[in-house]
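Everything below concerns the one structure shown next.
The values are calculated or read from the model by the stated rules, or taken from the named source; none is laboratory data. What you see is a predicted model; the values in this text were computed from it and never measured. Heads up, the Cβs are rebuilt from the backbone with ideal geometry, glycines too, and the neighbour counts pull from every protein chain shown.
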Amino acid sequence: MTAQSDGTRAPGTPRLGNATGLSCRECGKITDLGPFYACDECFGPLEVRYDFPRLTRADIQAGPQNIWRYAPLLPVPQDVASRPTTEPGFTKLVRADGLAAELGMRRLWIKDDSGNPTHSFKDRVVAVALAAAVEMGFKVLACPSTGNLANAVAAAAARAGIRSVVMVPADLEGQKILTTAVYGGTFVTVDGTYDDVNRLASELAGEHEDWAFVNVNVRPYYAEGSKTLGFEIAEQLGWRLPEQVVVPIASGAQLVKIDKGFSELAELGLVEDRPWRVFGAQATGCSPVSEAFARGWDVVRPVKPSTIAKSLAIGNPADGPYVLDVVRRTGGAVADVSDPEIVDSIALLARTQGIFGETAGGVTVGVLRKLLASGQLDPEAETVIINSGDGLKTLDAVEPAVTVPAAIKPTLEAFQAAGFDGAGAA
Ligand SMILES: Cc1ncc(COP(=O)(O)O)c(C=O)c1O
Ligand SMILES: [Zn+2]
């Protein structure tokens with residue numbers, strides 16, 4: 001790798017910490033750091049390269065209680081922690097004994113990323129994209145989104161004092177629409193699917209040179225933010241890698257980068273390098289990666305989504321083939337669950353752990369159950385699942401599964417008559 005020093009950088013190259021360049025994930029061609037996302041040789045997607053310094057656990061532990069404790073492992077300016085960002089990360093890793101007992105598992109953990117500033121893991125990727133984008137001279141933060149990314153971009157831009165342009169399919173959950181609009185940026189609802197919105201974003205990125213579409217033209221930097229999920233899981237387990245991890249898939253970037261985060265920690269000697277298995281979770285109504293896995297394909301055939309798990313409704317996932325690589329390399333699997341199974345799993349998570357996940361969380365818990373039942377997941381192996389978003393943003397989904405009792409008069413008689421007194425009462 002190229003050493004990081006001024007002499008090795010092209011003029012005008014942005015200063016993004018220990019990042020040294022971009023490399024093509026297909027042909028390996030190396031490019032300078034900059035606002036590039038596709039290989040000029042083969043159009044393959046680009047990925048950030050680094051020259052990591054020697055880093056100790058103590059160095060990391062001395063950092064802030066957010067993702068910037070891992071700044072040396074991210075493509076961000078060195079002083080990122082002192083800039084105005086939403087400071088996401090360091091969310092709780094909850095020991096899930098209640099759910100484990102219900103499912104017959106020995107040791108289960110939930111990485112509860114609903115605890116982020118806008119209540120999903122997207123705050124991580126957006127914070128990294130914003131820091132890199134500002135350094136590269138972009139003036140506007142933009143995105144096509146299935147909802148959570150819209151919240152995160154609008155909030156992060158507001159905090160940084162720059163303009164946001166956020167585009168979503170018009171049929172999103174009302175909660176996600178409101179929790180984006182409140183930040184006051186440019187908010188565009190589009191009559192179409194996410195994949196339509198994504199195509200429009202690619203066209204706009206070509207028209208507006210100073211707009212950073214976080215998941216399009218600055219995608220190599222954005223995607224690196226999800227490594228912090230892998231870093232935190234390992235650190236919170238006491239600098240140990242889990243044996244199994246179950247991750248929801250929309251574009252697939254989160255899954256691929258959690259695996260990359262584990263690999264980097266092992267390469268740096270920060271954790272013991274022992275095998276881990278990565279499992280992917282989709283909703284049956286949008287399961288192109290699960291289908292490709294089941295059929296043994298290397299490519300993913302696009303689908304038109306139809307599921308209550310709208311945050312995962314990406315029919316043409318950019319990282320689909322890389323998900324297949326990771327899952328097959330580590331001995332994992334990809335599976336999918338139906339909408340009723342998603343709702344049932346949201347309720348199970350809430351009942352056993354007191355955690356109200358969004359539909360993506362229901363997908364992940366549902367797939368955990370399914371893979372345990374099929375014997376693909378080992379109930380004896382230490383397992384982490386990701387709850388990537390908050391149930392308060394997908395309220396409609398749980399309505400059929402929840403019974404709200406009729407109001408009673410404020411009297412002892414009414415309380416007893418309704419049956420609330422007995423041991424077996426609801
Ligand atoms: C709550 C939630 N979980 C998971 C994902 C999947 O992320 P990725 O696109 O990185 O696969 C998304 C994407 O929008 C999401 O909103
Ligand atoms: Zn290439």
In the range 357-390, what residues are within 13 Å of the chain's Cα centre (by Cα) and among the β-branched types (Val, Ile, Thr)? Thr364, Ile385, Ile386
Select from the range 161-216 the residues that are at pLDDT 95 or above and touching an Asp or Glu at 6+ places or on another chain (Cβ under 7 Å) and list them in ascending order. Ala170, Val190
Residue selected from the range 293-329 under the condition surrounded by fewer than 17 Cβ atoms within 10 Å (Cβ to Cβ) and assigned to a helix (DSSP H, G or I), by the criterion nearest to the chain's Cα centre (by Cα): Asp325
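Conditions (1) crowded, with 19+ Cβ neighbours inside 10 Å; (2) modelled with pLDDT of 95 or more, marked per residue:
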{"residue": "Arg9", "(1), (2)": "no, no"}
{"residue": "Gly12", "(1), (2)": "no, no"}
{"residue": "Gly28", "(1), (2)": "no, yes"}
{"residue": "Leu46", "(1), (2)": "yes, yes"}
{"residue": "Ile67", "(1), (2)": "yes, yes"}
List the pairs whose first member sits in the range 80-102 and is assigned to a loop (DSSP other than H, G, I, E, B), whose second member is aromatic (Phe, Trp, Tyr), and whose Cβ atoms are under 7 Å apart, counting only residues at least 6 apart or on separate chains? Ala96/Trp109
Quick test for you: out of Tyr70, Tyr37, pick the one residue that is within 16 Å of ligand 1 (Cβ to nearest atom) and out of contact with any His (no Cβ under 8 Å at 6 or more places or on another chain). Tyr37
Within the range 82-103, does at least one residue satisfy the condition of being at pLDDT below 95, in contact with a Phe, Trp or Tyr (Cβ under 8 Å, 6 or more places away or on another chain), more than 16 Å from ligand 2 (Cβ to nearest atom) and outside the structural domain of Thr352 (by TED's automatic domain parsing)? no
Given the condition at pLDDT 95 or above, more than 18 Å from the chain's Cα centre (by Cα) and aromatic (Phe, Trp, Tyr), answer yes or no: does some residue in the range 135-142 qualify? yes
Among the residues of the range 135-153, write down those that are surrounded by fewer than 24 Cβ atoms within 10 Å (Cβ to Cβ) and over 17 Å from Gly34 (Cβ atoms). Val140
